[in-house]
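The values are calculated or read from the model by the stated rules, or taken from the named source; none is laboratory data. Everything quoted here is computed from the prediction, not taken from an experiment. Cβ sites come from the backbone with ideal geometry, for glycine too, and all protein chains shown count toward neighbours.
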Amino acid sequence: MRIDKHPILDFKKETRIKFYFEEQPVEGYQGEPIAAALHAAGIKVLRHSVKLDRPRGFFCAVGKCSSCLMEVDGVPNVFSCITPIKEGMKVRRQKGRGRIAIN
């Protein structure tokens with residue numbers, strides 16, 4: 001399920017790292033976009049549309065649409081298709097328009 005070829009993007013396979021999706025460990029390659037790593041792990045639904053609650057997934061892969069907006073380390077509205085994974089990163093499906101966590 002890993003994306004190996006893309007007409008615009010280059011997905012290099014370097015060091016494997018672990019990050020968390022909905023509190024579950026997921027592995028990917030360092031520098032790989034969050035959405036690509038989740039896609040390779042079989043996770044296709046990244047969020048649901050605000051108005052009709054329809055599932056949204058990895059679509060444009062260049063940060064031009066809003067299909068991949070996710071909450072990353074408590075920050076909402078992160079374009080997961082262009083944000084690289086980092087060791088220990090915490091990723092969640094965003095609910096609605098997203099809310100900033102206040103401690």
Is it true that GLU27 is under 11 Å from the mean Cα position of the chain (by Cα), in a strand (DSSP E or B) and of a type outside the set (S, T, N, Q)?
no
Tabulated pairs, region 74-90, first touching a residue at least 60 places away in the same chain (Cβ under 8 Å) and in a loop (DSSP other than H, G, I, E, B), second of a type in the set (Gly, Ala, Ser) and surrounded by 18 or more Cβ atoms within 10 Å (Cβ to Cβ), C-beta under 7 angstrom, 6+ apart or interchain
ILE85/GLY28; ILE85/ALA37
Exactly one condition in (1) in contact with a strand residue (DSSP E or B) (Cβ under 8 Å, 6 or more places away or on another chain); (2) at pLDDT 90 or above is not met by CYS68; state its number.
(2)
Taking SER80 and the conditions (1) touching a Leu at 6+ places or on another chain (Cβ under 8 Å); (2) over 15 Å from TYR20 (Cα atoms); (3) of a type outside the set (Val, Ile, Thr), which numbered condition does it fall short on, given that it satisfies the others?
(2)
